Amino acid sequence: MSFSFYNSRFRSIQFHFILISVLKNILYKVSIGLSLALFLVAIGVGVSFGLEKAGPYLILFFLCLAIAFRGSAQLKGFAYTVMIFGSVTTALFYPGYF
């Protein structure tokens, strides 16, 4: 095996790590906007149709917020707490499954 084979293989692995890093950053930024939109939809649905109809939007809000928190160094430790809030919200809206 020549050195150029290992060098090209190393570049390919580097490229994949960089690509994954960029995709993670995009995911974190999209989840921030999505969590804000879901929260506003949950408030709108809760006011318009009753709080019992807003459950799925609140659950998805907490899920997206936890993903967004994973992207921030300062808020990364709170991601688990937000997931607990999402789990509690799920249990309150759908108690039959728990």
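Some points to look at:
- Answer from L40, L23 - the residue that is open to solvent by 80 Å² or more (accessible area, probe 1.4 Å) and at pLDDT 95 or above: L40
- Among (1) within 12 Å of the chain's Cα centre (by Cα); (2) crowded, with 18+ Cβ neighbours inside 10 Å; (3) of a type in the set (S, T, Y) - the single one Y80 does not satisfy: (2)
- Pairs where the first residue, in segment 26-40, is aliphatic (A, V, I, L, M) and the second is not in a helix (DSSP H, G or I), C-beta under 8 Å, 6+ apart: L27/G71; I32/G71
- R70 falls short on exactly one of the conditions (1) within 14 Å of L38 (Cβ to Cβ); (2) surrounded by 14 or more Cβ atoms within 10 Å (Cβ to Cβ); (3) among the basic types (K, R), and that condition is (1).
- Test: residue in segment 67-81 that is farther than 19 Å from N25 by Cβ and either in contact (Cβ under 8 Å) with a residue 24 or more places away in the chain or hydroxyl-bearing (S, T, Y) (or both): yes
The values are calculated or read from the model by the stated rules, or taken from the named source; none is laboratory data. From a predicted model like this one, the values you see are computed outputs, not experimental measurements. Cβ coordinates were reconstructed from backbone atoms using ideal geometry, including for glycine residues, and neighbour counts include every protein chain displayed. Just so you know, the surface numbers come from the protein's heavy atoms only, side chains and all, with ligands and any DNA or RNA stripped out. Shrake-Rupley method; radii C 1.70, N 1.55, O 1.52, S 1.80 Å.
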